[in-house]
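These notes concern the structure reproduced below.
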Amino acid sequence: MDPLIPLRLPVTGLHGPVYEQLFALYLGIGIVAALLVFSLMAYLIHRYRAAGPSDVDPPDAPRAGAAPIERGDCRVPLVLALLVTLVLFSVSLGTFDTIALYHDEPNDPDALRIDVVAYRYGFSYTYPDGSVVVDNLTVPVDRTVVLKITSTDVFHNFAVPELRLKADAIPGHTTMLWFKGDSPGTHRIQCMELCGTDHGAMVGSLRILSAPEYDQWVARGG
């Protein structure tokens, strides 16, 4: 786990660091914005608090039923609006690049292509040789894995939190998601779309094996 944020899951895989960088950017912008807004709010509450029972509104205070009186310099909010637009535009570029990284299928002729079918309440995986495995997905390390994800009944969501992978499983539609495990290990797979009474039990495991171990697993028939 992240020592600075104890509740955050560990990160692995190729997508994880990219996701974390974008998350840190959003988090940083949110913290700065919150500090500015609350600091300004605290200053205005203190600066314009009522001095006592005899305190009266200034002549240009807003009044019910009357058009507001123009005050201040309109250039200030205009500059602030342009600054916010620039920040959001810059962040959106990084967001679209990350989405493209997740959902643009890599041109890798050696990629392992697996069909994923979600159903209430589990996942099945069909390998290129036609073998079908339920709940537990097994792949080799350092090899591109391309998942074609769909559903047989309702909306589901295929997610591997530690790899920062997440894709919708929609009936009648195929979603592409790819990844490459950079180290052997076992990671939790779970559905992240409320799909029924046993949604919480819709879990499985992603096993990333070394090449020899994966070959042995295939030879045993999965």
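The numbers here are math on the coordinates, done by the rules we state, and not lab data. These numbers come from a predicted model, not from an experiment. In this analysis, Cβ positions are derived from the backbone assuming ideal geometry, glycine residues included, and neighbour counts consider all displayed protein chains.
Some points to look at:
- Computed from the C-beta positions of Val32 and Ala211 and an R0 of 45 Å, the FRET efficiency is 0.45 to the nearest 0.05.
- Percent antiparallel among DSSP beta bridges (both partners in the chain, rounded to 5): 65 percent
- Remark: spin-label model distance Val84-Asp153 equals 4.4 nm, labels positioned 7 Å along the Cα→Cβ axis.
- For the range 175-190, Karplus couplings with θ = phi - 60° (6.51, -1.76, 1.60), whole Hz, Gly/Pro x: 10, 9, 9, 10, 7, 9, x, 9, 7, x, x, 10, 10, 6, 9, 8
- Using the average count of surrounding beta-carbon atoms within 10 Å as a protection proxy, the listed peptides 96-103, 164-171, 27-34, 62-69 rank, highest first, as 164-171, 96-103, 27-34, 62-69.
- Compared with the alpha-carbon gap, the fully stretched path from Val76 to Ala61 is longer by 3.4 nm at 0.36 nm per residue.
- DSSP bridge pairs, the range 112-219: antiparallel proportion in percent, nearest 5: 65 percent
- When the Cα positions of Leu93, Pro128, Thr150 are compared along the charge dipole of the range 41-155, Leu93 comes out farthest toward the positive end, with charges on each C-beta of Lys, Arg, Asp and Glu.
- Pairwise inverse Cα distances across the chain, averaged and inverted, put the Kirkwood hydrodynamic radius at 21.6 Å.
- Each stretch of four or more DSSP H residues adds -39500 (n - 2.57); spread over every residue of the chain, this sum gives -11500 deg cm²/dmol at 222 nm.
- Approximating the spin labels as points 7 Å out from Cα along Cα→Cβ, the Ser124-to-Ile45 distance works out to 5.8 nm.
- Reciprocal mean inverse distance between Cα atoms of the range 112-219 - Kirkwood radius, Å: 13.8 Å
- Relative contact order (percent, whole number), the chain, Cα cutoff 8 Å, 6+ residue spacing: 20 percent
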